Amino acid sequence: MSDFFEIERLVEDLAKIYSTACATSWFKVNNISNPSIGEFRNKVIEFMKHFEYTLSTFPQGKESEKFKKYACNLLNKEIEKVQNGENKEVEKRYKYYVDYL
């Protein structure tokens, strides 16, 4: 497998940098100040899945398909961590949002 260091880092940080910020903003815009942890995680996951669209824009081809499959596997592992409450950054951001808003 080729070296996909950049995409590995991106997927690892996707929830922390992009998806929690989008989820928090979504709850704020909708005036929801106390979502459950499950609702928050699900919204984070919803935004994480937007990355699938980005992957779909890569060209067709053997190497590209390998790359997309690899990236999707990474994404699914990170989504599972969020679902299971194993992503410390998501849990921290949820606590900050509900405790300080």
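The values are calculated or read from the model by the stated rules, or taken from the named source; none is laboratory data. Keep in mind that what you see is a predicted model, and the values were worked out from it rather than measured. Don't worry about glycine lacking a Cβ; one is built from the backbone with ideal geometry, like all the others, and counts go over all protein chains shown.
Things to note:
- Among the residues of the range 17-34, some residue qualifies, meaning at least one is in contact (Cβ under 8 Å) with a residue 24 or more places away in the chain, small (Gly, Ala, Ser) and closer than 30 Å to Phe67 by Cα.
- Filter pass, Tyr53 being of a type in the set (Phe, Trp, Tyr), within 18 Å of the chain's Cα centre (by Cα), surrounded by fewer than 16 Cβ atoms within 10 Å (Cβ to Cβ) and modelled with pLDDT of 95 or more: yes
- Top-ranked residue of the range 28-49 - restricted to ones that are part of a loop (DSSP other than H, G, I, E, B) and at pLDDT 95 or above, ranked as nearest to Lys77 (Cα to Cα): Lys49
- Residue in the range 13-25 that is among the polar types (S, T, N, Q), over 25 Å from Glu86 (Cα atoms) and over 10 Å from the mean Cα position of the chain (by Cα) present: no
- Of all residues in the range 55-101, those that are within 18 Å of Ala21 (Cα to Cα), part of a helix (DSSP H, G or I) and not acidic (Asp, Glu) total 15.
- Summed over the range 77-101, residues that are loosely packed, with under 13 Cβ neighbours inside 10 Å and closer than 17 Å to Asp13 by Cβ total 5.
- In the range 1-12, residue nearest to the chain's Cα centre (by Cα) [restricted to those that are under 18 Å from Glu80 (Cα atoms) and not acidic (Asp, Glu)]: Val11
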